[in-house]
Amino acid sequence: MTSSWQRKELPFLILYAVGFYFIIIRRSLQISHDHYTKLYGLRPGWIADRLNDVSDAQWRNFRGNLLILTLVFGIFALVATASRSYGLKAKGMSIVWLLLSMAYLSYLHGACIVYILSIASANYLLVKVCGRTKYVFLLWIFNLAFLICNRVYGGYPFFLFGPKWAYLDNYRGTFRWHICFNFVVLRMISFGYDYHWAGHDNRFDLEKHVQRCNNCSSGKTCYRLLQGRSLKSDTFSFTIYLCYLIYAPLYIAGPIISFNAFASQLDTPQKTYSVQDVVWYGLRWIFSLMLMETMTHFFYYNAFAISGTWKYLSPLDIFVIGYGVLNFMWLKFFLLWRYFRFWSLVNGIEAPENMPRCLNNCYNLESFWKNWHASFNKWLVRYMYIPLGGTQRKLLNVWVIFTFVAIWHDLEWKLLSWAWLTCIFFVPEMMVKSAANALKVESSFGKFLCRELSAVAGAITITCLMVANLVGFVIGPSGINWFLSRFLQKEGLPTLGGMFITFYVGTKLMFHISEAKKNAHGR
């Protein structure tokens with residue numbers, strides 16, 4: 001009965017989705033055309049004489065430096081490939097990559113490279129002194145202290161150390177070092193705890209994992225195995241450690257890789273992706289770049305957010321802009337992370353994939369965070385969630401973890417608001433999920449009812465996700481009351497109702513996609 005009903009509803013769900021995107025695209029084109037003269041960050045484009053939205057500083061810098069980055073990483077790849085052909089293993093490859101990465105960092109940060117090397121050296125000494133003791137928690141204090149101080153003191157201008165050093169402020173490079181250092185902090189903690197766990201009994205059962213993992217049983221090596229197995233003591237050398245911290249392809253934005261996984265692949269290059277797979281990965285990236293160029297030439301979502309013009313739009317148009325901004329952010333990070341991961345793969349280092357699932361195919365908070373910054377999620381699980389008690393303290397852990405994530409991004413109240421709003425939405429979801437797992441429904445009507453309630457819960461969750469991310473990255477905590485007042489008045493209620501129905505339909509479509517994938521794997 002339920003299966004038959006699902007087959008009957010699918011055409012209507014698809015028809016609704018097509019109508020929804022037709023309205024979104026048409027309305028986006030109209031409001032972009034009507035308001036482009038009031039928007040900031042639009043520049044002459046190259047598609048159909050349209051203006052291009054380059055209002056996002058991160059995307060503008062990446063797009064503007066894409067050719068030089070590709071040239072630099074191409075040269076690095078040739079040097080690294082030639083070095084491997086001479087049979088260099090972990091220590092030899094770490095020296096090659098360290099020299100290449102130091103040249104890269106010298107261009108990016110100029111004289112500020114001394115800060116990175118000094119803090120990294122102090123962290124290495126701390127790891128060697130207390131990494132195998134019960135005082136390993138000092139690594140967290142050390143790294144959090146520098147994470148905060150780097151922001152408070154703006155990367156430490158050299159004049160702070162006296163007038164005779166002030167001239168070095170003219171040689172700070174082209175990129176703020178303390179922004180990139182957020183990723184270095186994660187790597188320093190990873191190195192410290194992988195070193196700590198290497199000195200204890202390893203709970204990772206290699207034989208059992210290989211039997212259960214399709215990837216590893218076929219002769220390849222999955223990321224979990226690379227991360228879980230312990231390394232020899234001589235692998236935790238200063239050269240390999242420093243190479244890991246500043247490895248050029250992953251230095252600026254990740255994806256985040258654990259020390260164990262990185263060092264293992266210095267010795268033996270990744271085998272998961274063949275040459276054809278890597279080439280196809282690059283071609284798909286180029287297609288995604290063209291999609292982004294099309295979006296920024298025709299839909300000025302981010303420019304509306306930056307300019308504040310969206311505040312004067314109707315509730316329907318505010319929803320269109322909010323939905324568009326989130327999709328722009330998803331595609332931006334998708335392109336950034338996959339670009340750097342591509343070059344890492346070319347050089348034989350496989351990092352976890354960020355954005356393995358589209359933003360529009362996540363209907364609960366847990367799956368959203370597992371599929372947004374997925375490599376960061378793996379890092380948080382390994383180095384925070386499990387050490388803090390895992391599932392036994394899940395309700396408490398989310399508050400600690402998301403507060404850390406907010407501070408790691410930046411010291412801003414709107415990011416803390418985003419983190420705590422996410423936690424407020426996360427707790428009920430976890431409680432409902434636990435209750436649902438304990439309740440086993442056997443009857444057809446019960447399964448139907450459970451599915452409908454899950455779709456309603458998914459619609460609520462997607463709405464909460466939109467609100468939390470818009471507060472964190474667009475309107476800030478001060479805009480919450482204004483935002484709610486616009487949607488809870490007479491003009492905004494129809495939009496709010498339509499938005500909820502749309503997310504309900506979207507959630508049910510995601511159910512169908514998930515079931516289709518399960519059936520495909522079952523065959």
If we keep only residues of segment 439-472 that are among the hydroxyl-bearing types (S, T, Y) and more than 13 Å from L421 (Cα to Cα), then the residue modelled with the lowest pLDDT is S443
So, first residue outside the structural domain of L186 (by the TED database) in segment 405-419, second residue among the polar types (S, T, N, Q), Cβ within less than 6 Å, six or more apart or across chains; the pairs are W408/N182; A419/T403
Result of the Cβ filter at 6 Å on segment 149-172, keeping first residues that are closer than 16 Å to L108 by Cα and partners that are at pLDDT 90 or above and small (G, A, S), at least 6 apart or interchain, is L168/A111; Y171/G110; Y171/A111; R172/G110
For segment 158-180, check the following and say yes or no: at least one residue is over 25 Å from the mean Cα position of the chain (by Cα), of a type in the set (G, A, S) and surrounded by 16 or more Cβ atoms within 10 Å (Cβ to Cβ).
no
Note: among I23, I31, I14, just one is of a type in the set (V, I, T), free of Cβ contacts under 8 Å to residues at least 40 places away in the same chain and assigned to a helix (DSSP H, G or I), namely I23
Within segment 131-157, residues being assigned to a helix (DSSP H, G or I), open to solvent by less than 10 Å² (accessible area, probe 1.4 Å) and either more than 25 Å from H409 (Cα to Cα) or of a type in the set (A, V, I, L, M, F, W, C) (or both) number 2
Restricted to segment 488-504 and to residues being of a type in the set (A, V, I, L, M, F, W, C) and surrounded by fewer than 18 Cβ atoms within 10 Å (Cβ to Cβ), the residue nearest to G19 (Cα to Cα) is I501
Quick count over segment 367-395, residues being β-branched (V, I, T), in a helix (DSSP H, G or I) and modelled with pLDDT of 85 or more, is 1
T507: passes all of (1) surrounded by 15 or more Cβ atoms within 10 Å (Cβ to Cβ); (2) modelled with pLDDT under 75 but (2)
The condition of being loosely packed, with under 15 Cβ neighbours inside 10 Å, outside the structural domain of T309 (by the TED database) and closer than 22 Å to N327 by Cβ holds, among N61, N65, only for N61
Selection over segment 42-58 where residues are surrounded by fewer than 18 Cβ atoms within 10 Å (Cβ to Cβ) and either of a type outside the set (K, R) or assigned to a helix (DSSP H, G or I) (or both) yields a count of 8
| query | Quick one: would you say K433 is of a type in the set (K, R) and either under 30 Å from L78 (Cβ atoms) or at pLDDT below 80 (or both)? | reply | yes
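The values are calculated or read from the model by the stated rules, or taken from the named source; none is laboratory data. Here the structure is a predicted model, which is why all the values come from computation and not from measurement. Reconstructed Cβ throughout: ideal geometry from the backbone, glycine too, with neighbour counts over all protein chains shown. Note: accessible area is taken over every heavy atom of the protein model, side chains too, but ligands, DNA and RNA are not part of it. Shrake-Rupley method; radii C 1.70, N 1.55, O 1.52, S 1.80 Å.
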